[in-house]
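Chemist: Pasting in a structure now, in structure tokens, and then I'll have a few things to ask.
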Amino acid sequence: MNINREYHYQPRFKPEKDREHRRPYTLKEAAEWSGTPDEFGANVGDWEHEITRRITSRPELIERLKEAPPRLDGKLPEGDVFDAYLAALAEWLSDKNKIPRPEWVYDQRRVARKPWFSTPTYATLLVHTPASFKQRNIFTIPEPLFRPRAGRPKAPEWEKREKAALRQKRYRDRVKALLKKARAAKKR
């Protein structure tokens, strides 16, 4: 069996083109769609929800993390914190799921200038924050987002319908060929 070490991922669902009716597909989209700190929080939360609900394999997670989000420092208040959070989250997810880290997480500019704590329980956060967050001056305890599932990823409904239509077409073609062959034999 030939095992290819490179991941080639095809999306398991068709992302809708209309921004109003979909969640961010990548961290890059989550950052691009953020015009305010509240929008950033909502977009990252939506992206995390996508990861938790739709992603079932490591190649899919690699695809969602590989594109570098635009830097938010200077564009949003506390943009340095948002940049650091995105890099820490991507690194933490990569390490936790044993996949290669995206190249953009090594950018030294993605570190918060001052320590940022998600809650006022400083002592707890200092002890329990994962290293990928601590090294970027972000102190929070992230929720587990992704667990790869055994077996093949679940196929979405649109893909199941497309496969069923192709199977039906092949079946009809086989029946036509058999009928044609039977008619030709009957004429003899």
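Every number in this text was worked out from the coordinates using simple rules, so none of it is lab data. Just so it is clear, the structure is predicted and the values come from calculations on it, not from any experiment. Cβ coordinates were reconstructed from backbone atoms using ideal geometry, including for glycine residues, and neighbour counts include every protein chain displayed.
Chemist: Using the Karplus curve 6.51 cos²θ - 1.76 cosθ + 1.60 with θ = phi - 60°, work out ³J(HN,Hα) for each residue of region 69-81 in order, rounded to whole Hz, and write x for Gly and Pro.
Modeler: Going residue by residue, I get x, x, 5, 9, 5, x, 9, 10, x, 6, x, 5, 5 Hz, with x marking Gly and Pro.
Chemist: Please report, in debye to the nearest 20, how large the charge dipole of the chain is about its Cα centre when each Lys and Arg carries +1 at its beta carbon and each Asp and Glu carries -1 there. Walk me through the numbers on the way to the answer.
Modeler: Values: 43 positive and 27 negative charges, 570 e Å.
The calculation lands at about 2740 debye.
Chemist: Among the listed pairs K75/K134; K114/K134; K66/K96; K75/K96, give every one whose C-alpha distance is greater than 21 Å.
Modeler: Listed pairs above 21 Å: K75/K134; K75/K96.
Chemist: Separate question: Can you pull out the GluC sites (Glu not before Pro) in region 14-123 whose DSSP state is coil and whose Cβ has at most 12 other Cβ atoms within 10 Å?
Modeler: E16
Chemist: Let me ask you something else. In terms of the ratio Rg/(2.2 N^0.38 Å) built on C-alpha atoms, what value belongs to the chain? The partial results should precede the final answer.
Modeler: On the way: Rg = 23.4 Å, N = 188, 2.2 N^0.38 = 16.1 Å.
Relative to the 2.2 N^0.38 Å estimate, the chain comes out at 1.45.
Chemist: With unit charges on the beta carbons (Lys and Arg positive, Asp and Glu negative) and the dipole taken about the Cα centre of region 19-139, which residue among L89, T36, A131 sits farthest to the positive side?
Modeler: Of L89, T36, A131, it is A131.
Chemist: Specify whether the C-alpha gyration tensor of region 76-152 places it in the rounded, prolate or oblate class, a ≥ b ≥ c being the square roots of the eigenvalues: rounded for a/c under 1.5, otherwise prolate if a/b is larger than b/c and oblate if not.
Modeler: Details: a/c = 2.34, a/b = 1.41, b/c = 1.67.
Here region 76-152 falls in the oblate category.
Chemist: Hey, what do the phi angles of region 106-120 turn into as Karplus ³J(HN,Hα) couplings, whole Hz, using 6.51/-1.76/1.60 and θ = phi - 60°, x for Gly and Pro?
Modeler: Karplus values, whole Hz, x for Gly and Pro: 7, 5, 5, 7, 8, 9, 5, 5, 10, x, 10, 10, 6, 9, x.
Chemist: Find how many whole Å separate the alpha carbon centroid of region 109-140 from the alpha carbon centroid of region 34-49.
Modeler: 19
Chemist: A further question follows. Which ³J(HN,Hα) values, rounded to whole Hz and listed in residue order, are derived for region 167-183 from phi using the Karplus coefficients 6.51, -1.76 and 1.60 in 6.51 cos²θ - 1.76 cosθ + 1.60 with θ = phi - 60°, glycine and proline given as x?
Modeler: Each residue of region 167-183 in turn: 4, 4, 5, 4, 4, 4, 4, 5, 5, 4, 5, 5, 5, 4, 5, 5, 5 Hz.
Chemist: Tell me which of Y25, G74, Q108 sits at the most positive position along the dipole axis of the chain, charges placed on C-beta atoms (Lys, Arg +1; Asp, Glu -1).
Modeler: Toward the positive end, the furthest listed residue is Y25.
Chemist: Could you pull out the pairs from K28/K160; K98/K154; K154/K176 whose alpha carbons sit more than 24 Å apart here?
Modeler: On the way: K28/K160 29 Å; K98/K154 21 Å; K154/K176 33 Å.
K28/K160; K154/K176, as the Cα separations exceed 24 Å there.
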